[in-house]
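The values are calculated or read from the model by the stated rules, or taken from the named source; none is laboratory data. Quantities reported herein were computed from a predicted structural model and do not represent experimental measurements. Positions of Cβ are generated from backbone atoms using ideal geometry, with glycine treated the same way; all protein chains shown enter the neighbour counts. When the accessible area is computed, the model is the full protein with side chains, heavy atoms only, and any ligands, DNA or RNA have been set aside. Shrake-Rupley method; radii C 1.70, N 1.55, O 1.52, S 1.80 Å.
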Amino acid sequence: MNERLAHLFSHFPDVVTGLAVLLGGLAVGLLVRFVSFGLLRAYDRREDSALARSVGRHLRAASAWFLPVLAVSLLLPLVPLPPKPFEVLRRVVEFTLILTFAWGLIKALDVAQDLVQRRYQLGAPDNLRVRKLFTQLQFLKKLAASLVAFVAVGLVLMSFETVRRLGTGLLTSAGIASVIVGFAAQRSISNLLAGFQIAFTQPIRIDDVLVVEGEWGRVEEITFTYVVLSIWDERRLVLPLNYFIEKPFQNWTRTSARLTGAIFLQTDYTVPIDALRAELRRLLEASPLWDQRVCVLQVTDSKERTLELRALVSAANASALWDLRCLVREGLVVFLQREFPQSLPRMRAEVAGPPVVGSVAVD
């Protein structure tokens, strides 16, 4: 017992020194982080830098771990520990450094995305090229983040001797393993290939307006396996990537966001077409939603009791077109009610009285 206590006390100064070195390394890393982000904030206040704001927002948490661990790893040779405890400590620091560095790289992708989004505005009126860029950027960002995470976890696992031996055995039987994995992950691989195809051939893009499964909405997100469609009533329609490769759908913004829409009216045969056409022109010229491309009013059908009128109007995008169609429909109906109420649809009937003989009606 006394020998054990003597042995422990003999290493006590080394333990204290090791703790001091580790705590000192952590303090140095935190100090470097504090000073670095303080300088970033000062630079942002002076220059209004989007890069400084983005770095501060995305890398703040990752740097709080990475910089102290990096400082500890640099000071690790100064820790006076026996070989086995030192090796355990070195492994822990190495694993933490790899994982925190990978975390920082993934968050750096968010910084790059912020800079691209600041340079190219998705909300611009003519944003076709921007939507193409954002679709590819989102897919490549997810792919890069997945590769970074995969490599980081692989480096950590491969540092264990048992895992290395397992990896060697798997490589030996790579042919059989690839066949098994291919069958097991067939759907996942096909979705991944569909993601590459969508990202670069772009049948759909971020912010495209689609009609899918009878639903109207905008493409909100494209992942490795599915597409999220934001429906007009704030629901979300989630569809697998393969859907957009294998099935037909409507893309209203494939080459341009501009659209033409129709408004149908049922009127009486007495309707003054020219007056209604002039009112349509007046309504469109008074509305900022109209893009001044299409203004047409035609009689498209004549039925037994009514005429069918079709007004064609155009707008810069689908949302503006919907509002413009509603505005024109309401305006034309109000115009007919106010100026030509007799031109609204009416039911006509002929009432025959009793036969008349001479000047006397016969009952």
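Could you tally the net charge around ASP48, taking each other residue with its Cβ under 13 Å from the Cβ of ASP48, Lys/Arg +1 and Asp/Glu -1? Surrounding charge for ASP48 is +3. Shown in residue order for the stretch 300-312 are the 3J(HN,Hα) couplings computed by the Karplus curve 6.51 cos²θ - 1.76 cosθ + 1.60 at θ = phi - 60°: 9, 6, 10, 9, 4, 10, 9, 9, 9, 9, 10, 9, 9 Hz (x for Gly and Pro). Ranked by the mean number of other Cβ atoms within 10 Å of their residues, highest first, the peptides 333-339, 315-321 fall in the order 315-321, 333-339. Electrostatic bookkeeping for ARG236 treats Lys and Arg as +1 and Asp and Glu as -1; over the other residues with beta carbon under 14 Å from its beta carbon, the sum is -4.
Once backbone amide H atoms are built at 1.01 Å from N, ILE206 has THR135 as its partners under 5 Å, excluding neighbours fewer than 5 places away on the same chain. For PHE224, the amide hydrogen comes within under 5 Å of no other amide hydrogen, counting only partners 5 or more places away or on other chains and with H modelled in the peptide plane.
Across the stretch 58-101, Cα-Cα pairs more than 17 Å apart make up 33 percent of the total.
Taking every protein chain into account, the 1.4 Å probe leaves PHE200 with about 110 Å² of accessible area, to the nearest ten. Couplings 3J(HN,Hα) of the stretch 26-42, computed from phi: 4, 5, 4, x, 5, 5, 4, 4, 4, 5, 4, 6, x, 5, 4, 5, 5 Hz, in residue order, whole Hz [Karplus 6.51 cos²θ - 1.76 cosθ + 1.60, θ = phi - 60°; x for Gly and Pro]. Would you work out the relative contact order for the stretch 290-334, in percent, from Cα pairs under 8 angstrom that are 6 or more residues apart? Value for the stretch 290-334: 34 percent. For ARG293, the residues 5 or more places off, or on other chains, whose built amide H falls under 5 Å of its own are SER314.
The 3J(HN,Hα) values that the Karplus relation (6.51, -1.76, 1.60; θ = phi - 60°) gives for the stretch 255-262 are, in residue order, 10, 7, 7, 5, 9, 10, x, 10 Hz. Gly and Pro appear as x.
For the stretch 203-317, the average shadow cast by the Cα convex hull is 9.4 nm², which is a quarter of the hull's surface.
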